[in-house]
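In what follows, a single structure is set out as structure tokens and then discussed.
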Amino acid sequence: MNARTPIALAPADSLTEAERTRILAKSALFAPPAQVDENGRRELVGLSREELTQAVVEFGEKPFRAKQIWHWIYHQGVRDFTSMSSIAKPMQAKLAEHFTIGRPGITTEQTSTDGTRKWLFQMRDKQQVETVYIPEEDRGAVCISTQVGCTLSCRFCHTGTQKLVRNLSAGEIIGQFMAARDSYGEWPTPQSEAPRLLSNIVVMGMGEPLYNYENLATALKIAMDHEGIALSRRRITLSTSGVVPMMDRAGAELGVNLAVSLHAVTDELRDEIVPLNRKYPIKELMAACHRYPSASNARRITFEYVMLDGVNDSEAEARELVRLLHGLPAKVNLIPFNPWPGSPYATSKRAQIERFANILNDAGYASPVRRPRGKDIMAACGQLKTESERARKAPAPAA
Ligand code: SF4
């Protein structure tokens, strides 16, 4: 289904379609630039299947050509038309005159002592984002960004100190995952059951994904397409700070796993550390979680909870969290706070984190304490930040 197709959504009380329209209109103000290269060639990475077919037909070719190109780009991972051996050479040359198959440029690539790898990617307009690969024993997750900077200013988050510059395009979002696979040589896409090094996507990098919904949805549909990257929706986790109206839409259209950055159990505290709470308070957020379609026992919603010393880590707060989660298939990721230069908080004491976790575990909620990864390269949760800035408006000409 096209991301723009209106669909039936679960009822959301007072949260209306108008609210979604308002969010999407605001998001459009931060739209990425046209996806063309310096020679005016149109970027194919990031076009939906329908858009790719349309581009090929407008170019004067039959629709089946789009299916071939899709296979070469997303299954084989090729980056130029001359590698597309099922397409005749003169056609390859013609395609190369009009189209391009790009990747974000790599500014830096750092690998931590624990194997975590972080890239600073540069887009065509020189804006930069960070992407992190977190390897496990037999699999690994790529944490991708959706915006350059962020509007939300969560107080524990380094990215939140960087103003929103712009949204990433669908191609720039899926391109981060493809570039990460380039880095490990994981092309063509492994057969369905074969182990993959880069087996999961977590949309938890820079930005609030649901404030860039259209581009995110196109990118994730590309990732899930079974004739390309072919990642199951169960291997994709979308993390939000709680943009309630868009959670309904993401649930209906994408159905990927949901993670919610909760971090506090009272509106008073959450208003302060996740300011979006002032717009969508905890009660509305939890109601949206109950409506989320993957909220079944097999697919629990993950609640992210950063452990801030003396701020949100008391046993009373753990008990309140249990009360909030009641009736919801849920797991809680406890994240020891990862300090960054100038951050206003300290990490909770180990013993306190354990007491907190025990209360959740005793109530039947798995609550692993996240092992910080890539600390030595500032790749841990909430530490991502780039130097990209929104271009200042030119001063008005003197009258
Ligand atoms: S936690 Fe996420 S939503 Fe909040 S400021 Fe950081 S990047 Fe933005």
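Beta carbons within 10 angstrom, averaged per residue: use that to sort the peptides 331-342, 184-195, 90-101, 246-257, highest first.
Ranked from most to least packed, the peptides come out as 246-257, 331-342, 90-101, 184-195.
Can you run phi through the Karplus equation (6.51, -1.76, 1.60; θ = phi - 60°) for segment 94-101 and list ³J(HN,Hα) in whole Hz, with x for Gly and Pro?
Those phi angles translate into 5, 4, 5, 6, 10, 10, 9, 10 Hz.
Quick check on the chain: helices-only [θ] at 222 nm, where DSSP H runs of length 4 and up contribute -39,500 (n - 2.57) each and the sum goes over total residues. Nearest 500, please.
-9000 deg cm²/dmol
Rg/Rh for segment 42-100: what does it come to with C-alpha atoms and Rh from Kirkwood?
Rg divided by Rh gives 0.90.
For VAL306, what residues show an amide H to amide H distance below 5 Å, using hydrogens built from the backbone and excluding near sequence neighbours?
Here HIS263, ILE335 satisfy the definition.
For ARG373, ARG350, ARG20, what ranking results if the residue with the fewest other Cβ atoms within 10 Å of its Cβ goes first?
ARG350, ARG20, ARG373
Hey, can you grab everything whose amide H is under 5 Å from the amide H of VAL36? Only 5+ residues off in sequence or another chain; H modelled, so Pro and N-termini drop out.
GLU43
What ranking of HIS326, HIS71 emerges when the number of other C-beta atoms within 10 Å of each C-beta is taken as an exposure proxy, fewest first?
So the ranking, lowest neighbour count to highest, is HIS326, HIS71.
Please give the residues of segment 308-331, grouped as numeric ranges, whose backbone N is less than 12 Å from a label point set 7 Å along the Cα-to-Cβ vector of ASN358.
315, by backbone N distance to the label point.
Once both axes come from the Cα atoms, what is the angle between helix 282-291 and the longest principal axis of the chain, in degrees from 0 to 90, rounded to 10?
It works out to around 50 degrees.
Per-residue HN-Hα couplings for segment 315-326, Karplus 6.51 cos²θ - 1.76 cosθ + 1.60 at θ = phi - 60°, whole Hz, x for Gly and Pro?
Result, ordered by residue: 5, 4, 5, 4, 5, 5, 5, 4, 5, 5, 7, 3 Hz.
Convex hull over the alpha-carbon atoms of segment 226-331: what's its volume per residue in Å³?
Value for segment 226-331: 102 Å³ per residue.
For segment 107-256, give me the percentage of DSSP beta bridges that are antiparallel, rounded to the nearest 5 percent.
Beta bridges within segment 107-256, antiparallel portion: roughly 75 percent.
Which order, highest average first, do 213-222, 161-170 follow once you tally other Cβ atoms within 10 Å for each residue and take the mean per peptide?
Packing proxy ranking, top to bottom: 213-222, 161-170.
By DSSP, what percent of the beta bridges with both residues in the chain are antiparallel, rounded to the nearest 5?
50
Above 36 angstrom, tally the Cα pairs of the chain and express them as a % of all pairs, no decimals.
When all Cα pairs of the chain are counted, 24 percent exceed 36 Å.
Express in whole angstrom the spacing between the alpha-carbon centres of segment 138-192 and segment 268-331.
24
Taking θ = phi - 60°, what integer Hz values does the Karplus form 6.51 cos²θ - 1.76 cosθ + 1.60 yield along segment 52-62, in sequence order, with x for Gly and Pro?
Taking θ as phi minus 60°, the curve returns 5, 4, 4, 4, 5, 5, 4, 7, x, 10, 6 Hz for segment 52-62.
Fewest Cβ neighbours within 10 Å first, please rank SER261, SER48 accordingly.
In order of increasing Cβ crowding within 10 Å: SER48, SER261.
Bear in mind that the values in this text are calculations on the coordinates, not laboratory data. All figures in this text were calculated on a predicted structure; none of them were measured in a lab. Because the Cβ atoms are built from the backbone with ideal geometry, glycine has one as well, and the counts that use them run over all protein chains shown.
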